Structure formats: C-alpha cells, structure tokens
1. Since GLY139 meets every condition but one in (1) open to solvent by 20 Å² or more (accessible area, probe 1.4 Å); (2) at pLDDT 90 or above; (3) among the small types (Gly, Ala, Ser), which condition does it not meet?
2. Can you name the residue in the range 80-109 that is touching a residue at least 60 places away in the same chain (Cβ under 8 Å) and open to solvent by 20 Å² or more (accessible area, probe 1.4 Å) and, of all such residues, is farthest from the chain's Cα centre (by Cα)?
3. Taking interchain pairs and intrachain pairs at least six residues apart, which have beta carbon atoms under 8 angstrom, with the first residue in the range 47-68 and among the acidic types (Asp, Glu) and the second open to solvent by 10 Å² or more (accessible area, probe 1.4 Å) and modelled with pLDDT under 90?
4. Every residue in the range 176-193 that is within 13 Å of PRO138 (Cβ to Cβ) and open to solvent by 70 Å² or more (accessible area, probe 1.4 Å), please.
5. Exactly one condition in (1) at pLDDT 85 or above; (2) outside any helix (DSSP H, G or I) is false for LEU99; which is it?
6. With the range 168-225 as the region, which helices (runs of 4 or more DSSP H) entirely inside it contain at least 2 residues that are touching a His at 6+ places or on another chain (Cβ under 9 Å)?
7. Filter the range 194-216 down to the residues that are within 14 Å of ARG130 (Cα to Cα) and either basic (Lys, Arg) or open to solvent by less than 50 Å² (accessible area, probe 1.4 Å) (or both) and list them by number.
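The values are calculated or read from the model by the stated rules, or taken from the named source; none is laboratory data. This one's a predicted model, so the numbers in the text were calculated from it and none came from an experiment. Reconstructed Cβ throughout: ideal geometry from the backbone, glycine too, with neighbour counts over all protein chains shown. Side chains are part of the model used for accessible areas, which takes the heavy atoms of the whole protein and leaves out ligands, DNA and RNA. Shrake-Rupley method; radii C 1.70, N 1.55, O 1.52, S 1.80 Å.
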Amino acid sequence: MDHADWRRDLRRTILSRVVPRLSESVRDVGGAATADDVAPPQVAAFSDMVLAVAVPGLLAHVDALRAGGLTVDAVVLNLLSPAARRLGDLWLDDKLSFLDVTAGLGRLQGVMRALGPDFGARAPDRSGARRILLAPVPGEQHVFGLSVVAAFFRRAGWSVTFEPRIAFDDLLTLVRCERFTAVGLSVAGDRFLAALPAQVEALRRASLARDVALLAGGPAFLLDPDLHRRTGFDAVARDAADAVQKAEALSGQTDADGAAVRPV
C-alpha cells in the first residue's frame, strides 16, 4: 500500500469511527452549525481538537461539517481563522506553550492546503493590474490569518506576494522595486503599534505605485475602529473576504452609481 492509499484509508477510518464522537462533543458544547454560522463554543472545541488530533482527523471533522451544510468559505473564515486566533490568545495568556501553538497552527495549515482544490483559486490577473503584498508587521509571529487572506486574494484572481517573515528594510525594498496595487499589513499585538505610523508613512513614500492602497488587519485593529486612520492606513479589513472587497474598491472599482469607492 503506498502513502496516498494509507492516507485515504486512515481518513476513511477517522471519518467513520472517530469523527462521530468528536462531532458529538462539539454539538454538546455549542449546537450544530446552521448555514454558515459557527458558534464560539464550537470554535473553542475545534481549537482543542487542533492540539490533540492529526490533520487527517481534522479534515474528516471538516468534511462532516461541510456535509451538514457549512460552506468552504465558512469553514475558513468562521472556524479555522478563529481557532488560530484562540490558540494565539491562549499562548499570550501563558496557557499554551509556543511549541503547542506552533504544532496546532501547522495542523491548521495542513487543513488549509487540503481545502485548496475546493477553495477554487482563479488564475491571477496576468496584466499585472492587481498585485498585493501581504506581510505581518516586523516581529509579529501570528501569520495564519494572513495566509487565509492570501488564499482569498488568489481565488479572486490577484497576484499575491506573501512574506510571512520579512524585515522592514526588505519590505521597503520590495515596494520600491515592484509595483503593487495594494499592501496589507497584519498586527495582532499592541506592542508593535508605536512604530506603525512611521512604518506606514515610509511604505507610502517608498512605493513604486504612487496610489498604492494600504490595508490594515488583525486583532489590534478590530478592537479599535479608528486605529487604522491614526496609523495612516486607507482602510481596515474585518476578515479575508472583506480585505478583498476593500482592496478592489480602493484600487479603482466603482459602486453601483459609478462613484469611486474609498472605504473606511
């Protein structure tokens, strides 16, 4: 039996024997998902699974949720991303070790890769008109959410440069040498906020594209609705789908009345 056959058999076994028990425990704490809703207790239970269950088991659980009507977008936005955020929060609260969080996020990345074919990425815009650079602020460790954002942009046909670990000087070099329609920065912790206004201003000055759209994302901005304005960004994105919508509006699309859109 080759490796692929072994993985298929393992996933089939987990789906038929293990997942029913796991799913029952999730329903006990949060109720079954309806439409695209995932209740917070379900997210908490799934994040606990991520710490204890290998990728085939997590995929089988996701398969069961999708069979119950949850869309692949909802799986990514309403289950995987919040689970990753919860792991990060538990680490910041010293309730999980860095190794535990790293292992859990690795398993979530495995689930994301497996969902790739169903996520339906379109070919990027070969005209070069829609290019985005995505990166966390230098020093930020939480990048799973940004990988989800990258997947949504690729599906929308954007050419994506995703730099999960990059020094700020290298970020400036990239925007000087390559013409990006938009740049998205993610910030999870408030310890990076003091340097952010100067960094945003430097990115805007260095950009080869004079009308580059600068997007902010991450928990720090969701907690403070005006933070993106004070730090010099054009817009803040609530999640990956919203990031695509904001970037497309900022890059020149118009609303139903033909007026230029500059979202906030």
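1. (2)
2. Pass one, the range 80-109, residues touching a residue at least 60 places away in the same chain (Cβ under 8 Å): 80-81, 84-85, 88, 92.
Imposing the further condition that a residue be open to solvent by 20 Å² or more (accessible area, probe 1.4 Å) reduces the set to 85, 92.
Details: ARG85: 10, LEU92: 19 Å.
Filtering first and then ranking leaves LEU92.
3. Once the first residue is among the acidic types (Asp, Glu) and sits in the range 47-68, its partners that are open to solvent by 10 Å² or more (accessible area, probe 1.4 Å) and modelled with pLDDT under 90 give ASP63/LEU15.
4. If the condition is that a residue be within 13 Å of PRO138 (Cβ to Cβ) and open to solvent by 70 Å² or more (accessible area, probe 1.4 Å), then ARG191 is the only one that fits.
5. LEU99 satisfies all of (1) at pLDDT 85 or above; (2) outside any helix (DSSP H, G or I) except (2).
6. Values: elements: 168-177, 196-206, 219-222.
It comes to 219-222.
7. Answer for the range 194-216, where residues must be within 14 Å of ARG130 (Cα to Cα) and either basic (Lys, Arg) or open to solvent by less than 50 Å² (accessible area, probe 1.4 Å) (or both): ALA209, VAL212, ALA213, LEU214.
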